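The structure is given below, and queries will be raised subsequently.
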Amino acid sequence: MKNTYKTILKRLLVMGMTLAGSSVFAATLDWSSQGGWDAGDLSKNYTNVDGSHIDVDVDITGNTGRFENNEPNDITDSVDTSLDLDVNFNTKTESVTTTLYFSQPIQITKLRIRDIDYADQFLGAKFEDRVIIKAADDDGNVYEPDNVAKGSHIDENSAGDYESDQSGPLDDDDPDGYVTMQFSNEYITELNVTYTSGTNVPRNNPTEQHVLLDNIDFHAKDTDGDGVADFWDIDDDNDGILDAVEIQGAGNCAYGFFHMIDGVLNVFDPENEVYLPIGGQKASINAMGFDDQSGKLYASVRAATTDDYGTSLVKNDVIEIDRYSGKIKKANTINNSKIDSYAADFYNGALYARKSTTKLYKWIKSGDILSEITFTSGSENAADFAIDDSSGTVMAYGLRSTSQTSGSADNTRLYKINLSNNTSTNVKLTVTTPDGADLSKGWGATFIADNSKLFAANNNGYIYEIVDYDTATPTATFLYRSVPTGNNDGASCPDANQYAVDSDGDGIDDYLDLDSDNDGIPDNVEAQPTSGYDAPDSTWTDDDGDGLADQYDHNTAGVVGSNGLIPPDKDGDNTADFLDSDSDNDGYTDCEEGRNQPVCTPNPTVRDNGMPTWYYNDDDYNHVNGYITDPDPDDGGNIQDEVTGNHEAAYREFLCGKNRTTLTHFQWKIVSFCCATGSNHIEDLLGGDLGAYGTDWVVFKQSGTDQYEINSGHKNTTKAQLAATDTVVPGKGYWIIADLGGAGNEKNITIDKTLSNLSPASTVTSSSVGITNPDFTEVHEYLLPKNEVSDPNTVDYKKYMAGNPFPYAFQLSDLYFKHNAGGTSYNEMGNTANDNYINKIVYKHDSNKTGPVSGYMAVDPATPGFDGSIQPMEGFFIKIEKNQTDNYVNHFAYPLMNK
C-alpha cells in the first residue's frame with residue numbers, strides 16, 4: 001500500500017452499511033480531466049476530483065515495458081472516456097497493475113472494464129484477457145467488489161477475478177465483454193486493477209491485447225446527507241454542535257490536540273487528518289497549556305485586543321480559553337502578570353513558559369502570581385514544550401530542528417527540562433518526512449497525551465509520536481500529515497487519548513451520534529437553552545459550504561472560524577448537558593426527567609444515528625431534534641416540568657432531588673430537608689419509606705426552650721417530638737430515629753418529588769449579599785440564634801442544629817457566616833473574623849458511625865475534601881460563642897453548589 005499518512009491511532013470507520021436516508025457526495029474520476037493522461041506516462045495526480053476535495057494519485061507498476069502504441073493513454077469513444085491499457089506480454093505470467101490512491105475514504109459506485117475478450121487466430125492474434133480487482137481501506141484490510149454485473153462472455157474465477165470465456169474477440173462497445181462492479185459496503189482508500197493473461201491463454205507468448213478502464217464514479221461518506229462529505233463537514237451529524245466540540249468528550253480532561261492557527265482555536269481530528277476550528281478569529285495567541293483540573297486552556301496574547309467579555313488586553317496578558325466556544329477571557333486579573341513567550345505548558349495549577357534559553361516564567365493561576373525559574377545548568381531553545389511527571393520527576397520536553405532536510409542525521413534536538421532541579425539537557429534524533437519534503441525549523445506544538453505519550457507537530461504539517469523520549473535514544477514515528485500550522489503553540493490534556501469519544505458506549509462516536517448520552521433528549525436540544533430553543537429549520541441552508549447549518553453558524557461565507565451551538569453545562573461539572581446523564585445533578589437522570597413516559601434502561605437499543613429506538617424509529621438524520629419542537633414545558637413543550645413558571649425543563653431544574661440518606665435500626669441521626677416542603681406534613685414526606693409515623697419512626701427538633709444553651713449540667717439541648725402533621729424548613733437540622741425491624745437493618749430515605757407544594761429552597765444571588773466565590777452564584781440565607789446568653793457565668797456556648805437546604809453537597813469552607821453587627825459582612829467558615837461568634841468546627845452525628853464520642857464527627861473547614869463536605873439531607877451541630885452584651889442576629893449563607 002502507498003503511505004496514506006494514516007498509519008496508527010486510526011479508528012475503524014463504520015463499515016458495511018449506508019445510513020438510511022443519507023445522501024452522498026458523488027464525484028467522477030474522468031481520465032481526460034486536468035489535461036488528460038500524458039501518453040505513455042505511468043503516473044498522474046488528479047487533484048480535487050470533480051470538486052470533491054478528494055485527490056487521486058494513480059500509479060501503474062509491473063511489466064510496464066510491455067505497453068504498446070505510446071500507451072497507457074486516455075481515449076474517448078461512444079461509450080465512455082477510458083484509460084487504455086494496450087500491452088504485448090512476452091509471457092502469460094506478466095502483468096501490469098493500475099493503483100489508485102484516494103486521499104479520503106470513498107465508496108465506488110461504478111467501476112467498469114471493457115473489451116475483456118479472447119483470440120486464437122491461426123496466424124493472427126492469440127491472447128486471453130484477465131483482470132483482477134482488489135481494494136483496501138486505510139488500515140490495510142483487503143476487499144473484493146460487490147454488485148458485480150458480467151457480460152455473457154465473462155467468467156469469474158473467484159471474487160474480483162474475471163477473464164474471457166474464450167468465445168472470441170469482441171468490439172470495445174460490446175457489453176458481452178464488460179464487467180461492472182462497486183465497492184459499496186466498505187470505505188476504501190486504495191484500488192488495484194491488475195491486467196494479465198487468462199488461465200486458458202492459447203500460447204505462452206501472447207500477442208498484443210488491451211482492455212479499457214472507464215471513468216470511475218465514487219463518493220465520500222456523508223453521514224448526515226447534507227451534501228457535504230464528512231471529511232469536509234464540520235458538523236457530521238447536523239445537530240448544530242461542531243465536530244471539534246463533540247470529539248472532546250466529557251469532564252475536565254478533553255480528547256484531542258488543541259492548536260492555535262491564525263488566531264483560531266483548533267482541535268486535530270485524526271480521523272480525517274484535519275484541524276477543526278472552534279469559534280472565531282482572535283488576536284495572535286501563543287504559549288498555551290491545558291489545565292486538567294478546570295478543563296480550560298491558558299495562553300498569552302501576542303498583541304493588544306479585547307477579550308470576549310469586553311475587557312481590554314495588552315500584549316503578553318494571560319488569558320483563559322474556553323474549549324467549547326474558543327472564547328478568550330483575561331486571566332491575570334489580580335496582579336496583571338505578563339508572559340512574553342512562545343513556548344509553554346500548564347501543570348499542577350501553573351503555566352510554565354520560556355522567558356529565555358536559561359529562564360522560565362511560572363504563572364500560578366490561583367492568586368495570579370508570576371515568578372521566574374533560572375536553570376542551574378544547561379539551556380533550551382524548544383519551539384514549544386510539554387510537561388510530564390510519569391517518570392516520578394516533573395519534566396518538560398520540546399523540539400527544534402537543527403537541519404530542515406528530511407532524514408538528515410541528527411536533524412532535531414529533543415530538549416529535556418528537569419523542573420525539579422531546574423536543569424536542561426538535550427539529545428539528538430533524526431526525523432524523516434513521509435514525502436521527503438523539508439521540515440520546518442520550528443515545532444509549533446508539543447503534546448503529552450494518551451497516558452504520557454509525547455506527540456509533536458512540525459510547523460510544516462507533520463505530526464509525530466516521539467518514542468522513548470525519556471531515554472538517550474528517542475525516535476520519531478510519523479503519524480499524520482496535516483495542513484501547515486505556522487509558528488503557533490498547542491496543548492493537550494495529559495491523560496486524554498487521541499480517539500474520538502463514544503460517551504454512551506453505543507458504538508457510535510459522539511460526533512455522529514444524535515443522542516450522545518442516550519437519555520432520550522437529542523443533542524440538538526440539550527446543546528441549547530430551554531427558553532428560546534431554535535429548532536432546526538425545515539429548509540437547510542449552508543452559505544459557506546462547511547456542513548454547519550447557517551442558523552447555527554455565526555461565521556458564514558468569508559469569515560474565518562465557525563461557532564455552532566455552544567453547549568451549556570447546567571451543573572458546572574465540566575460535562576456539557578448533551579453528555580451529562582444528570583444535567584442538574586439532582587439525582588434523577590435526564591432520562592427520568594426528560595420526555596413524558598420515558599423508557600430508561602442502562603443500555604438502550606439505538607438506531608444507526610444513535611437515537612434510542614424507544615422514541616425514534618428511523619436511521620436517518622432528518623429530525624435531529626427527535627421531534628421535540630419546543631422543550632419549554634411552560635410554553636406547552638413536550639418535556640417534563642418540576643417548577644412551574646420558570647421556563648425551564650425538569651432535567652435542568654431541581655426540587656428536593658433524588659438524594660438519599662441511610663437510616664439504621666434504632667440509631668439516632670441528624671438530618672435536614674433539602675428543599676422547601678411547604679405545607680406537607682412530616683408523616684407524608686418520609687412515611688412511604690419508613691411506615692407509620694409515631695410508631696415506626698419519629699423526628700425531633702430543638703425546642704428552643706433552653707435557648708440552645710449548654711453548660712456542664714446541661715450538655716444537650718432540649719428536644720421536642722414533631723407531631724405527624726408538623727412541617728419542616730430547609731436549613732435546619734432534625735433528629736430522626738426509626739424502628740426498622742431488627743439490629744443491623746437499614747433503609748434509604750428520600751423526599752417524594754410527586755408531592756404538591758414542594759419548591760427549591762429560596763436563594764438570592766451571592767453578589768447581592770457581598771459574597772464573591774467563583775464556585776457558586778446563589779445562596780440560601782438562614783437566621784441563626786444570637787450570641788447573647790442568659791448567664792455568661794454558667795453558660796458555655798449555644799449548640800444549634802443546622803442542615804443542608806439543597807440537594808447538593810458543599811464543602812464547609814464554602815459555607816459563609818455573618819454576625820449582623822453594623823457594617824459586617826459574610827466570611828467563609830474558618831475565617832478568623834468569625835471566631836468571636838461561631839466555632840469553625842461543626843459536628844455531624846450518626847450513632848451508627850464511629851466517632852470520637854458516640855457517633856459525633858468533627859468537620860473542619862481547613863481540611864476540605866477530607867470528610868469536609870456537608871451532604872444533601874445531612875444536618876450538623878454548630879457552636880455559637882457566648883457574648884452577654886451582643887444582641888445582634890447571625891446568619892448562614894448556604895452555597896448552591898450544583899456541581
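Looking for whichever is open to solvent by 60 Å² or more (accessible area, probe 1.4 Å) and not assigned by the TED database to the domain that holds P774 here; the options are D368, D308. Which one fits?
D308
Could you list, in sequence order, all residues of segment 883-899 that are closer than 25 Å to V789 by Cβ, open to solvent by 20 Å² or more (accessible area, probe 1.4 Å) and of a type in the set (D, E, K, R)?
Selection gives nothing.
Can you tell me which of N609, N617, N596 is in contact (Cβ under 8 Å) with a residue 24 or more places away in the chain, assigned to a loop (DSSP other than H, G, I, E, B) and open to solvent by 30 Å² or more (accessible area, probe 1.4 Å)?
N596
Given the options I373, I387, name the one that is in contact (Cβ under 8 Å) with a residue 12 or more places away in the chain, within 25 Å of V264 (Cβ to Cβ) and not in a loop (DSSP other than H, G, I, E, B).
Of the residues listed, the single one that is in contact (Cβ under 8 Å) with a residue 12 or more places away in the chain, within 25 Å of V264 (Cβ to Cβ) and not in a loop (DSSP other than H, G, I, E, B) is I387.
I've got another one for you. Please note which strands (runs of 3 or more DSSP E) are completely contained in segment 769-841 and include at least 2 residues that are surrounded by 22 or more Cβ atoms within 10 Å (Cβ to Cβ) and either over 37 Å from the mean Cα position of the chain (by Cα) or of a type in the set (D, E, K, R) (or both).
797-803, 816-819
Could you give me the residue pairs with C-beta distances under 8 Å whose first residue belongs to segment 823-840 and is touching a residue at least 60 places away in the same chain (Cβ under 8 Å), whose second residue is hydroxyl-bearing (S, T, Y) and in a strand (DSSP E or B) wherever it lies, and which are 6+ apart or on separate chains?
Sorted first by the residue in segment 823-840, then by its partner, the pairs are Y826/Y816.
Of everything in segment 735-768 that's part of a strand (DSSP E or B) and within 19 Å of G688 (Cα to Cα), which residue is most open to solvent (accessible area, probe 1.4 Å)?
Out of the qualifying residues, it is E746.
Additional query: For segment 411-446, which positions are assigned to a loop (DSSP other than H, G, I, E, B) and among the aliphatic types (A, V, I, L, M)?
Initially, segment 411-446 is screened for residues assigned to a loop (DSSP other than H, G, I, E, B), giving 411, 419-422, 430-444.
L419, V431, A437, L439, listed by residue number.
Mind listing just one residue for me: the one in segment 363-378 that is among the polar types (S, T, N, Q) and modelled with pLDDT of 95 or more and, of those, nearest to D291 (Cα to Cα)? Working first, answer last.
Going residue by residue through segment 363-378, those that are among the polar types (S, T, N, Q) are 366, 371, 374, 376-377.
Narrowing the set further to residues that are modelled with pLDDT of 95 or more leaves 371, 374, 376-377.
Details: S371: 19, T374: 23, T376: 27, S377: 28 Å.
Applying the filter and picking the extreme gives S371.
Let me ask you something else. Out of segment 98-151, which residues are closer than 15 Å to I216 by Cβ, within 39 Å of the chain's Cα centre (by Cα) and among the hydroxyl-bearing types (S, T, Y)?
T99, Y101, S103, T109
Could you please let me know if E648 is touching a helix residue (DSSP H, G or I) at 6+ places or on another chain (Cβ under 6 Å), under 21 Å from D582 (Cβ atoms), of a type in the set (D, E, K, R) and not in a strand (DSSP E or B)?
no
Tell me which of these Y480 doesn't satisfy, since it passes every other one: (1) farther than 19 Å from D410 by Cα; (2) of a type in the set (S, T, Y); (3) open to solvent by 10 Å² or more (accessible area, probe 1.4 Å).
Result: Y480 fails condition (3) only.
Just to be sure I understand the filter: pairs with C-beta atoms under 6 Å, separated by 6 or more residues or on different chains, first member in segment 577-590 and on the phi < 0 side of the Ramachandran plot, second member hydrophobic (A, V, I, L, M, F, W, C) and open to solvent by 10 Å² or more (accessible area, probe 1.4 Å). Which pairs pass?
L579/A250; D584/F654; D586/F654
Hey, among A743, A724, A809, which residue is among the aliphatic types (A, V, I, L, M) and under 20 Å from N680 (Cα atoms)?
Numbers: A743 fails: under 20 Å from N680 (Cα atoms); A809 fails: under 20 Å from N680 (Cα atoms).
Only one candidate passes the filter, namely A724.
Still on this structure, I have one more. Restricting to segment 138-157, give me the number of residues that are crowded, with 18+ Cβ neighbours inside 10 Å and at pLDDT below 95.
Qualifying residue count, segment 138-157: 1.
So, one more: Those residues that are open to solvent by 10 Å² or more (accessible area, probe 1.4 Å) and either touching a helix residue (DSSP H, G or I) at 6+ places or on another chain (Cβ under 6 Å) or at positive phi (or both), I need them from segment 188-236; list them, please.
Selection gives G225, G227, I234.
Next question. Pick from E320, E273: which is closer than 30 Å to T189 by Cα and surrounded by fewer than 22 Cβ atoms within 10 Å (Cβ to Cβ)? Lay out the reasoning, then the answer.
On the way: E320 fails: closer than 30 Å to T189 by Cα.
Checking each option against the conditions leaves just E273.
Here is a follow-up. So the check is Cβ under 8 Å with 6+ separation or different chains; which pairs have a first residue in segment 773-786 that's among the aromatic types (F, W, Y) and a second one that's open to solvent by 30 Å² or more (accessible area, probe 1.4 Å) and in a strand (DSSP E or B)?
Y782/H891
Follow-up. Any residue at all in segment 329-349 that's open to solvent by 20 Å² or more (accessible area, probe 1.4 Å), of a type in the set (G, A, S) and out of contact with any strand residue (DSSP E or B) (no Cβ under 7 Å at 6 or more places or on another chain)?
No, that holds for no residue.
Take segment 428-465 and flag every residue that is open to solvent by less than 30 Å² (accessible area, probe 1.4 Å) and of a type in the set (V, I, T).
V431, T433, T446, I448, I463
Quick one: what pairs do we get from segment 343-357, first residue more than 13 Å from A382 (Cα to Cα) and among the hydroxyl-bearing types (S, T, Y), second in a loop (DSSP other than H, G, I, E, B) and open to solvent by less than 40 Å² (accessible area, probe 1.4 Å), C-beta under 6 Å, 6+ apart or different chains?
Pairs found: none.
The values are calculated or read from the model by the stated rules, or taken from the named source; none is laboratory data. Values in this document were obtained by computation on a predicted structure and should not be read as measured data. A quick note on method: Cβ atoms are made from the backbone with ideal geometry, for glycine too, and the neighbour counts reach across all protein chains shown. Heavy atoms of the whole protein, side chains included, go into the accessibility calculation; ligands, DNA and RNA do not. Shrake-Rupley method; radii C 1.70, N 1.55, O 1.52, S 1.80 Å.
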